[in-house]
Every structure is written in structure tokens, then in C-alpha cells.
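The next block holds one structure in the form of C-alpha cells; read it before the comments.
Derivation of every value follows stated rules applied to the coordinates shown; laboratory data play no part. No experiment lies behind these values; they were computed from the predicted model shown. Every residue, glycine among them, receives a Cβ derived from its backbone with ideal geometry; neighbour counts consider all protein chains shown.
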Amino acid sequence: MAMDLLGYVDMEMPEQYRTMGSEELDARIRSAKERLGKDLVILGHHYQRDDVIKFADFRGDSLRLARIGSEQKEAKYIIFCGVHFMAETADTLAQDEQMVILPDLRAGCSMADMADIEEVEEAWEVLQEKFGDTIIPVTYVNSTAAIKAFVGRHGGTTCTSSNAHLVLEWAFKQKKRILFLPDQHLGRNTAYKMGIPLEQMVIWNPQSGQFEENKGSLQDTRMILWKGHCSVHQKFTPEQIHRIRKQDPEMKVIVHPECSFEVVQLADQAGSTDYIIKTIEAAPPGSKWAIGTEVNLVHRLAEEHPEQKIVLLSTTMCPCLTMNRIDRPHLLWALESILEGRPIHRIEVDEETKKWSKVALDRMLSLK
């Protein structure tokens, strides 16, 4: 038994689950789901592995799933097959009587972990001294509850990759500058598309406590980008796009805005996970796509749309390794622990953090 980075007790999974065969795992998961009935809802993120997401009652992105979980009034238990910050958001929005469970506490998010609350608070003091009361913080929902709460307390809000443009428009009406956490690429790509030049963007490096990529006058800065990124989307490169187009000029390239600026500029289209899915669903038979996002989703889209040619932009696998920690043994263990009356790996956000996180989320949800 050990403590994870957020202070949760990470229990060792019993050996019986590790050695269980595939057929028995499936059968016992189905049985546990049936026995729990309406007391249970299983949420599966789009990047989840196929052998797990097939048991999800709902699939989607992190915020959509968190909201769906809270709407399942009869469900006492919400099992989130995703990562830490997603389960925290689910607990923030859940009903008081609902319990949120993450099957494996080791399923974290490298991007979310790049914005530590103590580093953010220290940076905020420095930025206030430098720029005065001209900054509003905005955090991507791919962040910890502590960061969401920080943003909520300081008048800011959250955003998703789908509504980042709308949120930044709102934020610029509040203050001259935005501190964007924790993904520099989503912030840069969104702001550039809105007409803000790269010369008016800087990166804040929390390790050095210094600005980076300062190409213009610091006082002209509009976007202060936290030095964070997604380890999956960071792997897509301009060279991969050039290779794809050389091999097949008819291949369209669509990527997630968590990819680098250079990749997004070269791609035919860029958008959120939901945007990518809907684009593929609406594409005509015979169309060809190279997709720059998590491999499980790309393979699933290829299987669901055999009438199109769909490939991963990269020649190497690009899985979300922490998401893949949620496997069938952990899912079954979580389910059977509920049936035994001793649920494991409950995710609980303290009331103060939950209050301000919800303020940040509600500000975003109120935008039209």
C-alpha cells in the first residue's frame, strides 16, 4: 500500500486479478455490472483501450463524461475509466451521495502534472509584479482540481479544446493578458487563430522562473503560456506530414490542437477529439485521413469506418500510457470491491477546492 502523488492510498491489486484469463475477466465484469444495475455508471474516455471501453455506459471527452456522471441520479457509484484529473472533475460535479472511483490510481496525466499548484502560485506573484492587475488565468480542463480552483479564485475560467476560442474571447474582454495553463500548444494555436501574433506570446518556464520565446516587447504580451504539453501529441512532427503527403497526395491530415504550432499550421484541419470524430463520421466513402491524436481512438475510427482509409499520422505507436493503466483486471477489482462493500480508489476533492473549481467550470459553462 502506497501514497500516490495526490495523497491517495494506492492499494496493491490482488494476484488473482493479474492472472485471470480474458474470458473470465469479461464474464465477471459483465456479472458485476448486472448485479450493481442502476447503482453503477461506467464512463470511458475516447483514448481508453478497446477491451475496457466496451464496458462503458458512456464514452466521450473528460468534461462531457463528468457532466453525464452527475446526471445519472440513480447511480451511487461512478467508475471513471480515464485519468486522475478527469475523476476529480467528475467528483467536483457529482451529487453529494455519489462516489467516484478511478480503477488504477497510477493513471495520471503528464500534462496536468506539469502545472503544480505551488509553482502556479509563485508564478502568479511574479507576473502580478511584472504586469500588475492585467492578467486573467485560464486553465485547460486537463488540469488538477487545485489548478481549476486557483483559476476560479482569481476570476478566471476553464476551457476545453472545443471551446477554447470562445473562452479566450471572453477572457480578453476581462483583462489585457491571459495566463494559459497548462498546455502551451492549445493556448498558442487558439490565440494565433484569433489573430494574435506570436510576437505577443511568451512562455513561462516554472523551473527557471523565466520567460522564454520572447520575440517582441514584453509589455506587448497578450498570452503567457505555461510551459506544459501533452506527451502524446508532442510526438507528431512536420516531417510526418511531409512524409504522408509524399506517399499519398490525396491523404488529408487532421490533428488535435495540443500538437505543436508547426504541425497545426501544416495540417489540413485541426480540432478537438469531438471535432475529429465528427469530421470522420461526415466524410465521404473513399476519403483518406492521417490523424494526429491518440492511437486507440485512431484505430477505433478506422474499424468503425472501413469505407475510408484512416491511418495514424506517426509511424510509431502514440498511446496515452497512463490512460492505458486502466485495464480489465483493475476494472473488475474496482467493481467487485463495491460488491464486497469496501470500494477502492475513491477520488475525493476537498470542499474548498471543489467550490472554487466549480466556480471556474460554471463560468465556462455559462458562456454562449
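Per-residue Karplus couplings for the stretch 177-191, computed as 6.51 cos²θ - 1.76 cosθ + 1.60 with θ equal to phi - 60°, are listed in order as 10, 10, 8, 9, 10, x, 9, 4, 5, 4, x, 5, 4, 5, 5 Hz, Gly and Pro entered as x. The ellipsoid equivalent to the alpha-carbon distribution of the chain has semi-axes of 34, 28, 17 angstrom, derived from the gyration tensor eigenvalues as √(5λ) and listed largest first.
Overall, the ratio between the Cα radius of gyration of the stretch 270-363 and 2.2 N^0.38 Å, rounded to two decimals, is 1.54. Over the residues of the chain, the helix contribution to mean residue ellipticity at 222 nm works out to -12000 deg cm²/dmol, using -39500 (n - 2.57) for each DSSP H run of at least 4.
What's the percent breakdown of Cα-Cα distances in the stretch 201-331 across 10 Å bins, shortest bin first? Per 10 Å bin, starting at 0, the Cα pair percentages come out as 11, 35, 29, 18, 6, 0.
Mind telling me which of Gly69, Gly228, Gly209 comes out most flexible in a GNM of the chain, alpha-carbon contacts under 10 Å? Looking only at Gly69, Gly228, Gly209, the largest GNM fluctuation is found for Gly209. Once the other residues with Cβ under 11 Å from the Cβ of Ala270 are scored (Lys, Arg +1; Asp, Glu -1), what is the net sum? Here the charged neighbours net out to -1. Among the GluC sites (Glu not before Pro) in the stretch 304-345, those located in a DSSP loop and surrounded by at most 12 other Cβ atoms within 10 Å of their own Cβ are Glu307, Glu340.
Taking trypsin sites (Lys or Arg not before Pro) across the stretch 182-280, the ones in a DSSP loop with at most 14 further Cβ atoms lying within 10 angstrom of their Cβ are Lys215. Here the stretch 231-368 carries DSSP beta bridges of which approximately 0% are antiparallel, counting only pairs with both residues inside. Rounded to the nearest Hz, the phi-derived 3J(HN,Hα) couplings of the stretch 130-138 under the Karplus curve 6.51 cos²θ - 1.76 cosθ + 1.60 (θ = phi - 60°) are 6, 10, x, 7, 10, 10, 10, x, 10, where x marks glycine and proline.
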